[in-house]
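Written below as structure tokens is the structure these notes are about.
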Amino acid sequence: MNAAPSAVLERDHRELVDAFESFVRRELVPLAAELPETADQPPAELRAYVRKRSAALGFYAGDYPEELGGSGMPFTAVVLLHHAAGRSGCPLAPYALAGSDGPSPLLRHGTPEQIERWLLPLVRGEAARCLALTEPHAGSDAFRLTTTAVRDGDGWVIDGRKTFVSNADRADLALVVTATDLGRGAGPTAGATAFALPMDQPGLRIGQRYEGMSGEPLFELTLDRVRVPMDAVIGGAGGVGAATALAMESLSRGRLVVAAMCNGVAEYALRLGVEYARERQAFGERIGSYQHVQEHLVSTRAEVEAAKLLTLACARLVDDGTEAPENAALAKLTASETAVRAVDRSLQVHGATGWVRGHPLEFLYRYVRMMTIIEGTSEVQKVIVAQAMGLGRPTTTRPEGAI
């Protein structure tokens, strides 16, 4: 395809993106070629190697400060790297960039001891973590928490159950968000609090395993009278009851990263569709000459370009100091829904060829569907945007700089 209109926005970080794409071609594509054709998920050992190798090269968790082991990249550069990973078509490329197993913005608010113990190894790719937020009867209403942390002497006792937890089977650390009860005589419930718990903490156990459509497993975590010291609260004493605001910051950046990956996947699916339409012949003509096929591909091109521009604009606002939740919600909504349509249309262009197990589009068709669910469903993103527009239930003042 010709250069995309949004390529102008990539010039600031072109060398960085080129270096990452070279790393993917040089080291990750040969490793991916050795994977079984029908394997949905690379082995955990291979993912860990990719994570550490990428960290050594400065790509993994690149937006973290150099003193923490990162590269001090602006957030826009991180978004462009996730975009490049998605459009590479290499199944190992997403694991070269920090995602749900990597450092969390929650830990940026940790105490110096928590940063030293937990955040630094995550940034270096030497450890992995999971986030235990969702509960069985809450779903999208993530902060309707029944898991509780009750103050007990100089520590806390945590009880509850979490579900749909990614990476739990290979995590070293769990970030557990609970409702907080300060104990008898201490006044009302203090709100949501985040704890950093090692996965071998007594009373913390991995429960039921779920197999996702794309092969990614999810887990339940049970917490049965898990006794932790005060210093397990992320942020220390000041972090008690503060998890909702801290988690929203984490979710906003996470949604922009998901949007960037979706844009890359959509671009990759479009490239597959265009290449096939140029080569495949039917009724004596290349199928790309038929208007119905052109409709699929041109519509996708227009939508992908719009989603890319929106995501990059929101990332630049983050670098300028504006992290309005509706920006990230709008970008994630647009990019994830666009990616689903892009893959669906490209599969339609391929017909049975793309439907066969082992074809990239067959996997993407299952993989991309979860993008409209993770980090908040499309419906949740619409609620966030609607509230920012003054619709629905009464809301606070609209954040400055929102798109």
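The values are calculated or read from the model by the stated rules, or taken from the named source; none is laboratory data. Predicted, not measured: the structure shown is a model, and the values here were computed from it. Reconstructed Cβ throughout: ideal geometry from the backbone, glycine too, with neighbour counts over all protein chains shown. Protein only, heavy atoms only, side chains kept; ligands, DNA and RNA dropped before computing areas. Shrake-Rupley method; radii C 1.70, N 1.55, O 1.52, S 1.80 Å.
Of note:
- Most fluctuating residue given options Ala342, Ala128, Ala277, as computed from a GNM of the chain linking Cα atoms under 10 Å: Ala277
- Most mobile of Arg278, Arg161, Arg369 in a GNM of the chain (Cα contacts under 10 Å): Arg278
- Angle between the chain longest axis and helix 14-23 axis [Cα atoms, degrees, rounded to 10]: 90 degrees
- Over the range 270-403, accessible surface divided per residue gives 53 Å², non-protein components excluded, 1.4 Å probe.
- In summary, the aspartates and glutamates within cross-link reach of Lys332, defined as a Cα separation below 12 angstrom excluding same-chain residues under 8 places away, comprise Glu375, Glu379.
- Radius 10 Å from Cβ of Gly207, net charge of other residues (Lys, Arg +1; Asp, Glu -1): +3
- Antiparallel bridge percentage (DSSP; both residues within the chain; nearest 5): 80 percent
- In the chain, Cα pairs under 8 Å separated by at least six residues give a relative contact order of 15 percent.
- In this simple spin-label approximation, Arg316 and Arg170 carry label points 7 Å from Cα along the Cα→Cβ vector, and these lie 3.6 nm apart.
- Overall, the accessible surface of the chain at a probe of 1.4 angstrom is composed of carbon and sulfur to the extent of 54 percent.
- Most positive-pole-ward Cα, Gly392, Gly288, Ala302, against dipole of the range 273-403 from beta carbon charges: Gly288
- For Arg280 and Glu45, the FRET efficiency from 1/(1 + (r/R0)^6), where r spans their Cβ atoms and R0 equals 45 Å, is about 0.70.
- Over the range 61-102, relative contact order from alpha-carbon pairs under 8 Å, at least 6 apart, %: 29 percent
- Rounded tilt (10° steps) of 75-88 against the dominant C-alpha axis of the chain: 50 degrees
- Degrees between helix 243-279 axis and first principal axis of the chain (Cα, 0 to 90, nearest 10): 10 degrees
- Fully extended contour minus Cα-Cα distance, from Ala302 to Asp200, at 0.36 nm per residue: 31.8 nm
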